[in-house]
Amino acid sequence: MPHFSTQLKIALGYLLLTILLIATIGYIYTEMHSLTRADESDTILSQRRRTTNEITNQLNQAEIIGQSLSIGQLSQYTAYKEAMMKAGEAIDSLRNQLKDSIQLARLDSVSSLLIEKEKNMRNLLVTIRQSDTDALYQQHIEALISEQDSLLNLPYVRRKVVTHTQSYTVRQKPKSFFRRLGEVFAPSKKDSTLVNDTIQEEYIDSIAESYSPADTIATLLKDVQTRVADTQQQQMRTLNNRMQELRLNSLELNHKVHQLLSTIEDEDQAMLRRQQAERENIRQHSTRIVAGIAIASILLAIVFWMIISRDITRSNHYRRELEKAKLRAEDLLAAREKLMLTITHDIKAPVGSILGYTDLLERITTEERQHFYLNNMQSSANHLLQLVNSLLDYHRLDADKMEIHPVSFNPHQLFEEITTSYRPMAETKHLKLHFECDKALDATFIGDPFRIRQITENLLSNALKFTPEGHITLDVSWGENVLTFAVSDTGRGISSEEQTKIFQEFTRLKNAQGEEGFGLGLAITQKLVHLLKGEIRLTSESGKGSRFEVALPLEKTSSIPATEENTSTGISPLRLLLIDDDRLQLQLTTTMLEHPNLSVTCCHHPDEVFKHLQESHFDLLLTDIQMPAMNGFDLLKTIRQTDKEIPVIALTARSDMDDAHFRTHGFAGCLHKPFTQKELLEIIATACPQATPFDFTSLTAFSMDDPEAANEIMRTFIDETQKKRETLAKALKEKDMPSATAIAHQLLPLFRMLKAERCLPDLLWLEERREETDFPSEAEEKIRIILVEIGRMIEAAKIH
């Protein structure tokens, strides 16, 4: 099962909760949309109610106006027609809103009844207009006049009028729901109507009847009255019939409307109940869903809380274990630091003593067997010292304690010196050492020449070690602010499998069995390259040699490396003051300093140093750093309170302090134990320039501490230099400018390597005039200075 990090689990939990939240929002949106559709149904129902109410209101209004028309208010007919028209429009609108065929059929019957009612109302109005009494009288009078030509005088006539009155009640049919609903908005009418019929009978008793005009008029009027009464009775019966038809039509219309409204109302109520049930169902379902989502979210949160709590508990456990491991690692680092200090002080110091005493014994031993034993001792001690130094270098690189010190230098000179120093070793193994350098590098650059030298020397040492025959090439170039140098050889080569692990520490390849070292050289080289922010590449094939290529950033500068003009003409005597609590190391150092021009005063305690400084003058103080009474730093502070000038050299076996560290604390230099007599004399020469102006260290550094090889190198150097001195003297005598400049060109890299600063400007002056043939007077003076300096160098080499 794959293991997920706590952060991933938290993110997954948030993702699931977010998905649940989105799902909840989507569900709520869907349900709200469903409720919105229910609201649309409510809108339709509400609209239908308004339409049906409009129909009822218009019909009621038409009924009220119709009653006014029935009593003779004919001026209300226009309002009646408008009410009926609005009722018809409302019915048409309701028809558009209904979809049920039964309701539509009922609505059509209502429309038909409405049309019939309007027709009956028109007939009623016609009947009312025809019942006008004046018109009736006028009509009947004209008819009688046309019938009678003349009237005669009538005899006295006695009149007798008899009046008959008859009362009866006309009861109305029960009112429907809609009539009662309409009467809410209009005055109610009585359920019964009282009708009074009054009949007057006139009897005339005449004695004699005459055809007088008066009797004729009376007769006519009586006849008119009778006819009018008959006509009115007939019209009343017609009016009553039409009103009865109108009432029946209204009743049927009201019944139909009531039936339609009841159906619509029932349907609306059913729809409302369905909507209410649906809404309640939606609410309950939504409640259950939301409650389920909430419960799921809570359960999910609890599950993830348990998982994260378990992870946190496990993480805390791991953290505690890591803290314990960190403490153990810190303890191991502290132990390693103590081990490094132990190796530095407690191993290097005895090894230094062994080397020092074997070096001293070699000077006084003449027997060949004893030389053989001493050489073996020196070789073993040097091998042990190299292993310790490699281990300490790797420790400093691995702990990021090694620093770079950019200075101005000439890369061409640096690589030329390295090649010159390795050439004797190559010749010893009958190997050819080729050197090719870009002319652009013969200028001033900013970089760390010491680390560049260390990298190059490591690669050249490996090439010499693993190349039995053939040649070795050092190729140096520069471009785009990148220094590239490659060391290629015709040696054993490296297989593809071995190339993957050649830069690993403590790795020894099969073809390296039997060789010295324990597999740190290339690991240190790679770390040094990375320290300088560069790259190293390997190209090799088994049996065909190897090529190590290094690329380092390197910028050109316009500044010129500082040189000090040494005006001394020889080696001057020096008075040295030496202090060390280790009597064996003190005796060894004193023996190494046995030289005609060196006077050494030894001390075991700091008080002795203060006493000697008060009583005498000394040119240099050499002090151990780790002393029980007072360490070297405190000793220097105390001395500076009284003596501000005397240079102090630190002698220490601690590898965690470099030369820069001691210089920042006021020391003139530092010499790490174990050291040889040459290294001791070199540091003295550095601190006291008047001691010796030459540095033969680089010339003999690669003799592998083999005294015989070193002596051979020095003898060869003396012989070759003497020949060049004689050739230069001959050129001066013959004023041969080409020969003089050629010798200057050969001596220039050698003098640079030996730090013969005094005659470097003169050699440069001659080297720049290689194309000239004339011998100027200025050249004579410079050549004489060079000849003197060469003589001093030869004498110093003999002493060395």
Find how much the distance from HIS383 to ALA270 grows on full extension, using 0.36 nm per residue of separation minus their present alpha carbon separation; answer in nm with one decimal. 29.6 nm
Carbon and sulfur: what percent of segment 329-478's accessible surface (1.4 Å probe)? 57 percent
When every protein chain stays in place and a 1.4 Å probe is rolled, MET657, MET121 sorted by accessible area with the largest first are MET657, MET121
Projected label distance in nm at ARG328 and GLU768, using a 7 Å step from Cα toward the beta-carbon: 6.7 nm
Simple spin-label model, 7 Å along Cα-to-Cβ: VAL788 to HIS317 in nm? 8.5 nm
Please state the equivalent ellipsoid semi-axes for segment 356-466: what are the square roots of 5 times the Cα gyration tensor eigenvalues, largest first, in whole Å? 32, 21, 13
Quick one: check the C-alpha center-to-center distance for segment 639-676 versus segment 106-124, whole angstrom. 133 Å
In segment 726-800, what percent of the accessible surface is made up of carbon and sulfur (1.4 Å probe, ligands and nucleic acids excluded)? 46 percent
Share of segment 591-661's accessible area from carbon and sulfur, percent, 1.4 Å? 47 percent
Any chance you could run the full-extension gain for LEU300 through LYS439? It's 0.36 nm times the residue separation minus the Cα-Cα distance, nm to one decimal. 42.6 nm
Quick one: which of LYS432/LYS678; LYS81/LYS222; LYS429/LYS527; LYS439/LYS678; LYS326/LYS527 span more than 32 angstrom between C-alpha atoms? LYS81/LYS222; LYS439/LYS678
Amide H of VAL482: which non-local residues (sequence gap of 5 or more, or other chain) have their own amide H closer than 5 Å, using H built in the peptide plane? LEU554
Under 5 Å between amide H atoms, partner at least 5 residues away or on a different chain: which partners does ILE472 have, H built in plane at 1.01 Å? LYS432, LEU433, HIS434
As a test of the definition: which semi-axes, in Å, follow for segment 727-800 when you take the square root of five times each eigenvalue of its alpha carbon gyration tensor? Largest first, please. 21, 13, 10
Nonlocal amide H pairs with THR557, under 5 Å, H built at 1.01 Å: THR444, PHE445, ILE446
Calculate the FRET efficiency for GLN234 and ARG122 from the Cβ-Cβ distance with a Förster distance of 30 Å, rounded to the nearest 0.05. 0.90
Extension gain from ARG288 to GLU679, taking 0.36 nm per residue of separation minus the Cα-Cα distance: 131.5 nm
In nanometres, what is the gap between the two model label sites at GLU549 and ALA660, each 7 Å from Cα along Cα-to-Cβ? 3.1 nm
Please give the per residue accessible area of segment 716-800, computed with a probe of 1.4 Å over protein heavy atoms only, in Å². 52 Å²
Packing-ranked peptide list from 721-731, 73-83, highest mean Cβ count within 10 angstrom first, is 721-731, 73-83
Plugging the Cβ-Cβ distance of GLU469 and GLU368 into 1/(1 + (r/R0)^6) at R0 = 30 Å yields, to the nearest 0.05, a FRET efficiency of 0.50
The answer for segment 272-411, accessible area per residue at 1.4 Å probe in Å², is 64 Å²
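The values are calculated or read from the model by the stated rules, or taken from the named source; none is laboratory data. Source: prediction; values computed, not measured. Heads up, the Cβs are rebuilt from the backbone with ideal geometry, glycines too, and the neighbour counts pull from every protein chain shown. Just the protein is used for accessible areas: all its heavy atoms, side chains included, with ligands, DNA and RNA removed. Shrake-Rupley method; radii C 1.70, N 1.55, O 1.52, S 1.80 Å.
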